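In what follows, a structure is listed as structure tokens, so that the remarks can point back to it.
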Amino acid sequence: MEAVTPAALRAMKRAGRRIACLTAYDASFGHWLDAAGVEVALVGDSLGMVVQGHDSTRPVTMDDMVYHAACVARGVRRALRVVDLPYRSYQEPQQALDNACRLMDEGRAQVVKLEGGGPVVEIVRHLTARGVPVCGHLGLLPQSVEEPGGYRVQGREPAAAQRMLEDARALQAAGADLLVLECIPSTLAGEIRRSLQIPVIGIGAGADCDGQVLVLYDILGITPGRRPRFSEDFLAATGSVPAAIEAYVAAVRDGRFPGPGHSFD
């Protein structure tokens, strides 16, 4: 199979074909994502919580992200490898560029992901002007959960929704190739998707997105504590890790996931 590229994802968006994404943190899981046909393998800083046991993603370091990205790269051959820049690793343009290049050179990342709009838009512009592919991230921002608001649905108020729409357009104009929307009303996610030419990937953002992403450990039912409302345990009904990943991909592709119970109004 041909390797997935940002251009291939844009073609899927234009054709109305849903994009399946999952997180991965090591070579073995990366292999099974590839085998199931996942288009995007996201090496997320969520590893700080599900792998390292922290209460948030903030303690994750650049060394952590480089290590896990390189591990995933050894298992993935087809899926596009998107890797998070961790907390406080992209506060200034040169710092962001240095760290993005490190993720690409040492971690073999193909796209780097940054959280936020506003001032982050100029960071994105700085990176893309220098040949670094970027994925944006709006809505609930895990690196900012200790600030006012915490873990709650974002964009419900009209002013906040308008700001998010404007930020999404600004990220696209700055050269972002993809956009993740996390925990926002499904109607707002659909409005943002229709206003952009780049693919919009949702997590807790409803079915009206170009694709979906979940934390791998959540779909396997092995994350301690209560599973997020927007997720689903695909292992329980399938009995094996490869079958669970395949079931998730199939459910995203044919529109069975996410359902109304996985979304927010």
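Could you tell me which numbered condition residue 263 fails, if it satisfies all but one of (1) at pLDDT 95 or above; (2) among the small types (Gly, Ala, Ser); (3) under 17 Å from the mean Cα position of the chain (by Cα)?
Every condition holds for residue 263 apart from (1).
Out of (1) closer than 29 Å to residue 119 by Cα; (2) surrounded by fewer than 14 Cβ atoms within 10 Å (Cβ to Cβ), what's the single condition that is false for residue 16?
Failed condition: (1).
Would you check if there is a residue in the stretch 135-158 being under 23 Å from residue 74 (Cα atoms), in contact with a helix residue (DSSP H, G or I) (Cβ under 7 Å, 6 or more places away or on another chain) and modelled with pLDDT of 95 or more?
Scanning the stretch 135-158 turns up no residue that is under 23 Å from residue 74 (Cα atoms), in contact with a helix residue (DSSP H, G or I) (Cβ under 7 Å, 6 or more places away or on another chain) and modelled with pLDDT of 95 or more.
If a residue must be in contact (Cβ under 8 Å) with a residue 12 or more places away in the chain, acidic (Asp, Glu) and surrounded by fewer than 22 Cβ atoms within 10 Å (Cβ to Cβ), how many such residues does the stretch 56-91 contain?
Here the count works out to 1.
Filter the stretch 40-55 down to the residues that are surrounded by fewer than 24 Cβ atoms within 10 Å (Cβ to Cβ) and either β-branched (Val, Ile, Thr) or farther than 17 Å from residue 227 by Cα (or both) and list them by number.
Answer for the stretch 40-55, where residues must be surrounded by fewer than 24 Cβ atoms within 10 Å (Cβ to Cβ) and either β-branched (Val, Ile, Thr) or farther than 17 Å from residue 227 by Cα (or both): 50, 51, 52.
The values are calculated or read from the model by the stated rules, or taken from the named source; none is laboratory data. Here the structure is a predicted model, which is why all the values come from computation and not from measurement. Glycine also receives a Cβ, built like all others from the backbone with ideal geometry; neighbour counts cover every protein chain displayed.
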